[in-house]
Amino acid sequence: MQQAFEFQTTVQDGFIRIPDIYAKIIPRKIKVIVLADKTEKDEKTQFPYFAVDTAGYVFDREEANER
């Protein structure tokens, strides 16, 4: 029989701390599913500037559509 417990915590040095109120009732062997909240830092992922010089390149629409 499985039982679910829900709580929020902060990961510290790769460890998830189980709150004291659950520590004695949660068994030693558990299955963990992590639902991570997006942070502002995650949303501001930037990619390095990338430029391609296409001068002199001939684009063939028919050839592109064949792929």
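Taking the stretch 1-27 as the region of interest, how many residues are within 23 Å of the chain's Cα centre (by Cα) and exposed (fewer than 10 other Cβ atoms within 10 Å of the Cβ)? The total comes to 8.
For the stretch 1-21, the set of residues classified as within 13 Å of Leu35 (Cα to Cα), in a loop (DSSP other than H, G, I, E, B) and in contact (Cβ under 8 Å) with a residue 12 or more places away in the chain consists of Phe7 only.
Taking the stretch 35-50 only, how many residues are open to solvent by less than 100 Å² (accessible area, probe 1.4 Å) and modelled with pLDDT of 80 or more? Walk me through how you get there before you give the answer.
If we filter the stretch 35-50 for residues that are open to solvent by less than 100 Å² (accessible area, probe 1.4 Å), which is where we start, we get 36, 39, 42, 45.
Those left that are additionally modelled with pLDDT of 80 or more: 36.
Number of matching residues: 1.
The values are calculated or read from the model by the stated rules, or taken from the named source; none is laboratory data. Fair warning: this is a prediction, and the values are worked out from it, not measured in the lab. Glycine gets a Cβ as well: all are built from the backbone with ideal geometry, and neighbour counts include every protein chain shown. Side chains included, ligands, DNA and RNA excluded: accessible areas come from the protein's heavy atoms. Shrake-Rupley method; radii C 1.70, N 1.55, O 1.52, S 1.80 Å.
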